[in-house]
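First comes the structure, then the notes that go with it.
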Amino acid sequence: ESDTGVLAGVSAGKSIVDCATLAEADMVRMNTQVVEKGGRFLEAPVSGSKGPAAMGQLVFLCAGSEDLFNEVKNDGLNVMGKASHFFATTVGYGTRAKLVVNSLMGTMLAAFSEGLALSESVGLDPSKMVEVIGQGAIQSPMYNLKGPKMIVKDHAPNFPLKHAHKDMKLACEMAEANNMEFSITGQAEKLYREAREDTD
């Protein structure tokens, strides 16, 4: 919003595709400001981190200008992603979808890490348990990726903790605002928050 910011360059005929994950109110405000200057706006937060981005396997979760979406889905988004979904012409729905996805992912990862810890504590081979989990109904590409790293204590992030927690927190706030029971994800958000606050 500064004199040298993105909005300063927006004018009639210009288009903005915003792939950030923000609070819904911030995304709505951005849309309003772009449209007021004669531009078009598409919110397009992505599901996927460094690996999928490098391989062009992101998933775009879009809302806003449907005309802009139709222009870029096969002429830009397709280069970076394997799928693009359009939810509504009302900005905010893309953010809602992203927060649902990321809060579910964060909760799954918290439960998975507890499962591996329990395996080790009762004398089970965690590598064997990752193999078993990968063969059943609860298999997940995320478990296949994260499990071996957890076992050898490789905590190098593909998605920084502060961003993961931010999305969990925003999802919990969204649930609360809509009078939605979100206790399981709320407990996972607490774990992420405590991890951020742990300086040891």
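The values are calculated or read from the model by the stated rules, or taken from the named source; none is laboratory data. This one's a predicted model, so the numbers in the text were calculated from it and none came from an experiment. Note: ideal-geometry Cβ built from the backbone for every residue, glycine included; neighbour counts use all protein chains shown. The area values use the complete protein model at the heavy-atom level, side chains included, leaving out ligands, DNA and RNA. Shrake-Rupley method; radii C 1.70, N 1.55, O 1.52, S 1.80 Å.
Within the straight-line cut-off of under 19 Å between alpha carbons, the aspartates and glutamates reachable from Lys50 are Asp18, Asp154, Asp167, sequence neighbours fewer than 8 places apart in one chain being disregarded.
For the pair Ala8 and Thr90, a Förster radius of 25 Å applied to the C-beta separation gives a FRET efficiency near 0.45, rounded to the nearest 0.05. Projecting label points 7 angstrom from Cα along Cα→Cβ for Val35 and Ala83 puts them 2.8 nm apart. Residue pairs exceeding 25 angstrom between C-alpha atoms, taken from Lys82/Lys128; Lys128/Lys149; Lys98/Lys162; Lys146/Lys166: Lys82/Lys128.
Charged neighbours of Lys14, selected by a Cβ distance under 9 Å, balance to +2 (K, R count +1; D, E count -1). Note on Asn70 and Ala53: their simple-model spin labels are 3.1 nm apart, each label 7 Å out from Cα toward Cβ.
Among Ser49, Ser103, Ser121, the largest mean-square fluctuation in a Gaussian network model of the chain (Cα springs under 10 Å) belongs to Ser121.
Give me the net charge for the shell around Ser65: Cβ to Cβ below 11 angstrom, other residues only, Lys and Arg +1, Asp and Glu -1.
-3
Summing Lys and Arg as +1 and Asp and Glu as -1 over all other residues whose Cβ lies under 12 Å from the Cβ of Ala175 gives a net charge of -2. Judged by the mean number of other Cβ atoms found within 10 Å, the most tightly packed of the peptides 80-90, 58-68 leads the ranking 58-68, 80-90. Accessible surface of the range 71-200, 1.4 Å probe: 58 percent of it comes from carbon and sulfur atoms.
Per residue, the range 5-88 exposes an accessible area of 50 Å² to a 1.4 Å probe, with every protein chain left in place. Across the chain, C-alpha contacts under 8 Å between residues 6 or more apart give a mean separation that, scaled by the residue count, equals a relative contact order of 16 percent. Taking R0 as 22 Å, what's the FRET efficiency between Ser140 and Lys162 from their Cβ-Cβ distance, rounded to 0.05? With R0 = 22 Å, the Cβ-Cβ based efficiency is 0.40. Surface composition of the range 1-42: carbon plus sulfur atoms contribute 55% of the solvent-accessible area (1.4 Å probe, protein chains only, all chains present).
Solvent-accessible area per residue in the range 101-170 equals 59 Å², computed with a 1.4 angstrom probe and all protein chains kept.
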